[in-house]
Each structure stands twice: as structure tokens, then as C-alpha cells.
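Written below as C-alpha cells is the structure these notes are about.
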Amino acid sequence: MTDWQSLREQVDGTVRLPGEPGFEENSSAFNKRYADIRPSGVLSVASVADVARGIAWAREQGLPVVARGGGHSYAGQAATTGLVLDLHGLNTITVDRERELVTVGGGVRSGELYAELQRHDLAVPLGNSDEVGIGGLTLGGGVAAVSRAFGLTCDSLVETEIVLADGTLVTCNEIDHPDLFWACKGGGGGNFGINTSFTFQARPTVASSTCLVLWPLDDAEAVLPVMQRIMRDAPDRFAARIGVSRSRDDSGVVSVIGQHLGPASELRELLAPALKTGSPSTAEIEDRGYWEAKDYLRHETSGDPFAVRTRTIGEPLTEAGVDTLLTALRKWPGSSNPDGAGIALFTWGGAINRVPVTETAFPHRDVLFLISMDTSWSTEDPEEVRRANLEWLTELHAAMGEHARDASYVNFTDPDLSEAQAAYFGPNLDRLREIKHRYDPERVFTFDQAV
């Protein structure tokens, strides 16, 4: 029988069991696809020492243990049937304004960090959701709207502290435990230990402009090739997400949303060929301060069940590739989730690609577009709707294999991906396996698709 009282006596934080106040909000996965995964208990840690105590106790009890920052893993990896270590108590943020260094606790969420960075007018490339945890974002690479100019989140990382499987707290940087530091820069969260702090090199913000351009789906065949060429030739200061999507309540839309670290006049000129294509229904291209742009680009989803699969390409999709994805989108089976389904081309390249492929664990250093394919359904939908949506996504992913690489982004975790480790980490996989064996030989930190 699990001895929860002994854990309560060892820690300064709060232990919560099913049915107790705070249990659900500190243990459940954001993606309701995994709502049925119920932990035995949650430890909301009060200190780094609590993390080590929680790991040791879970090992003694024979329970799996996972860390939970934001809980936003697409594959529900922050949920477990064992012990969840809720890191929200590790929420300190310290800014060294002179050296432009920012140190954050492992439980900090992006919105909290953005707010502190704004006070100092400093930039670190972060995602576009306030609720995503800094740990998962950084450890999987972390791609932001400004990453073509500023690099990945992990490219700004200069140091991290991590509690290992044996309870040891180690500091990792280019000098101390450099191999583990390398692995923490894109090697995926949950693989090597529990990171309790991160230090980033920040930089001054840059005045921005943003764009939101929408077309009816009937314009997609004309718009997608033009937008891909624009982004292939665009300066690093401009990044955009090119999307096509459908929901139950509409006939489909083509969208371009992006940020340019420069004036709207330049952005309008960059987009001119696309604005002349088809019949855009919306064309918002405006100057915004850096923080205004961040707010404009904020994106949240319902959290109802969803699934995402990814591939990468180094050049624009061919006409056949565009036809494949649009044909599939028009055959989407539908659901009652307002998020619907879609395919997005996230523009990478720029500063991301100027880092050699083996310099960090993040391997996708020759990518122009990440192709993200997603679908969603509701908890109220019947089982056949869920099954039809997942089958649709599987067929789309397979069909796009003729036009894109078998490479996937670990932060858009795909639980249905075969040969997942090779797809996530490519030529860096063998080194990651060596580091895993050295620091966690008993595989205390393990999950489906773990290194």
C-alpha cells in the first residue's frame, strides 16, 4: 500500500490525493484526450529539495514520477498513474539588467515570464501561449514568432539546474556537465531529470509590425505557392504562419499571421504579391510595439481533445504537395470542437538554421517550414467521431510523406508516430541515448517515446 503519510512528513509542499481540493487543477493534462490518465497523487513542491524528496519517495514506493509545469504536452506526458510533481511553486524570476540575464524557476509559465521581461523591456524568444511551462518549451527547443531573428528558446539558454534520478542537483552549462547541457537544448522534457531553473541570455526588444490576412479556402491553391515563395525569400526579421483550416461552422479559411521586426510599410511590401492574389477578406498590417505584437499573436485553444502530427521541408511544397493537403482538408470528417482541423506551415530558417545541427540536441537546422497537421473533437462527440478524426489525421500524415521529411518537432509530440525518436532527434539520437544511460541508467524518467 502506498505510504502517502510518509511523503507528507518529508516535504514542505502540499500532497494532494484524488478528491482533495486542488488535485484536478494541479494534475490533469491540458489536452482532454488524456483526461482518463489519473495520478495516484500530486506533490506541489515548495522547493528544489522537495523535488529530490519526491523522486526518492516515488522510487521507494515503486511509482512512476513526472514533472508538471504547464501540463501542455500534446501527448499528455505531464500526466501519469503515479506521482505528479507540480512545479508551480518554483516560480521565482530574477533579472540581471546589466548583463541581460534572466533566471527563472522551473515552474514558471510563459505569461509570468513575459510580464517580468516587459518590465525590463528585454526579449527572450518564447511561445504564443501564456500558460505553457518554461521547462517543456525550452527542453524541446522552443520556437517563437521571433525565432528567425533571435533563435530558439533553447539557443538563449546559458545555464540550467536539474535534479537527477538519484536526487542530486547539478548545474549544467558549457563548462559544468556540458553533455547534459547539450541534451537540455532540444532533447525533450522529461528525459534526463527535472529541471528546476533556467538562465537565459536576453536582448533588447525591437519595434514590430504584425499581419493578419485571411482568404476564403477557394483561394488556397493560388495563395499557398505565393506565400511560400515570399517566406522563402523573406528577411530573418519576418516570420509567419501560413494556415488552411476548417471547422464545423465554416467552409474553410486561408490565414497568414506573423510578426516583422520592422515597420508596417516594409511588411506590406513583403506581402504585396499575396495581397494581390485571390480575394482577401481581411488584411490587417499594422505597426505595433514589441509587447503589443506579443499580445496580438497570443493564441489559446479550448483544450478539448486534439491531435497534431508534423513533418518538415527545406523548400516550398510542390504543386502536388499543396494539392495533397488541400484535398485532405476538404475531406475532414468534422466534429463539434470549434477548433476544427487544419494544416499550418510555420516558417523556420534564419537564425535557427545558422546553428550547426550537432551543436545542440535540436536537430532541425535545415528547415524552411514545419508542417503541422491537426484535428480536434469534443468530449461530447461519439466514439466514431474521435476515430474518424484520428484516421483522417493518420492518412494525411502518410500522404504528406511523399512531399516532406520523416522529421517531427518533439514539442508537438505525436503519440502515434512510429520511429519517433529518430524523427524527433535525427542524427543526435545516439548521443542522447548515451547521455540518458549515463545520467539515468535505471530509466526512472520514462514514458512512451522517451529516449
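The values are calculated or read from the model by the stated rules, or taken from the named source; none is laboratory data. Remember, it's a predicted structure, so these values are computed and weren't measured experimentally. Because the Cβ atoms are built from the backbone with ideal geometry, glycine has one as well, and the counts that use them run over all protein chains shown.
Structure values in brief
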quantity	calculated
Close pairs from region 173-194: first farther than 15 Å from V357 by Cα and free of Cβ contacts under 8 Å to residues at least 60 places away in the same chain, partner among the polar types (S, T, N, Q) and in a loop (DSSP other than H, G, I, E, B), Cβ under 9 Å, at least 6 apart	F181/N173
Complete set of residues in region 118-143 that are surrounded by fewer than 24 Cβ atoms within 10 Å (Cβ to Cβ) and within 15 Å of R203 (Cβ to Cβ)	Q118, H120, D121, L122
Some residue of region 379-392 being under 25 Å from L368 (Cβ atoms) and touching a residue at least 24 places away in the same chain (Cβ under 8 Å)	no
Candidates L325, L329, L396, filtered to the one that is among the aliphatic types (A, V, I, L, M), over 27 Å from G141 (Cα atoms), crowded, with 20+ Cβ neighbours inside 10 Å and not assigned by TED's automatic domain parsing to the domain that holds T138	L329
Residue count, region 159-200 (criterion: under 17 Å from L101 (Cβ atoms), surrounded by fewer than 16 Cβ atoms within 10 Å (Cβ to Cβ) and in contact with a Leu (Cβ under 7 Å, 6 or more places away or on another chain))	0
Residues (surrounded by 18 or more Cβ atoms within 10 Å (Cβ to Cβ), touching a strand residue (DSSP E or B) at 6+ places or on another chain (Cβ under 9 Å) and either hydroxyl-bearing (S, T, Y) or assigned to a helix (DSSP H, G or I) (or both)) located in region 49-76	D50, V51, A52, R53, G54, I55, W57, A58, Q61, Y74
Residue in region 372-382 that is among the aliphatic types (A, V, I, L, M), part of a loop (DSSP other than H, G, I, E, B) and over 30 Å from I55 (Cα atoms) present	no
Neighbours by Cβ (under 6 Å, 6+ apart or cross-chain): first from region 89-110, within 17 Å of G133 (Cα to Cα); second outside any strand (DSSP E or B) and among the acidic types (D, E)	I93/E116; R109/E131; S110/D130
The lone exception for T210 - which of (1) polar (S, T, N, Q); (2) surrounded by fewer than 24 Cβ atoms within 10 Å (Cβ to Cβ); (3) over 25 Å from V367 (Cα atoms) it fails	(3)
Unmet requirement for A115, which otherwise passes all of (1) over 15 Å from V11 (Cβ atoms); (2) in contact (Cβ under 8 Å) with a residue 24 or more places away in the chain	(2)
Wholly within region 146-238, helices (runs of 4 or more DSSP H) carrying at least 1 residues that are in contact with a Pro (Cβ under 7 Å, 6 or more places away or on another chain)	147-150, 220-233
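Table: residues versus (1) out of contact with any strand residue (DSSP E or B) (no Cβ under 6 Å at 6 or more places or on another chain); (2) modelled with pLDDT of 95 or more; (3) under 30 Å from R405 (Cα atoms); (4) in a helix (DSSP H, G or I).
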{"residue": "S265", "(1), (2), (3), (4)": "yes, yes, no, yes"}
{"residue": "R268", "(1), (2), (3), (4)": "no, yes, no, yes"}
{"residue": "A274", "(1), (2), (3), (4)": "yes, yes, yes, yes"}
{"residue": "T277", "(1), (2), (3), (4)": "yes, yes, yes, no"}
{"residue": "P280", "(1), (2), (3), (4)": "no, yes, no, no"}
{"residue": "E284", "(1), (2), (3), (4)": "no, yes, no, no"}
{"residue": "G303", "(1), (2), (3), (4)": "yes, no, yes, no"}
{"residue": "V308", "(1), (2), (3), (4)": "no, yes, yes, no"}
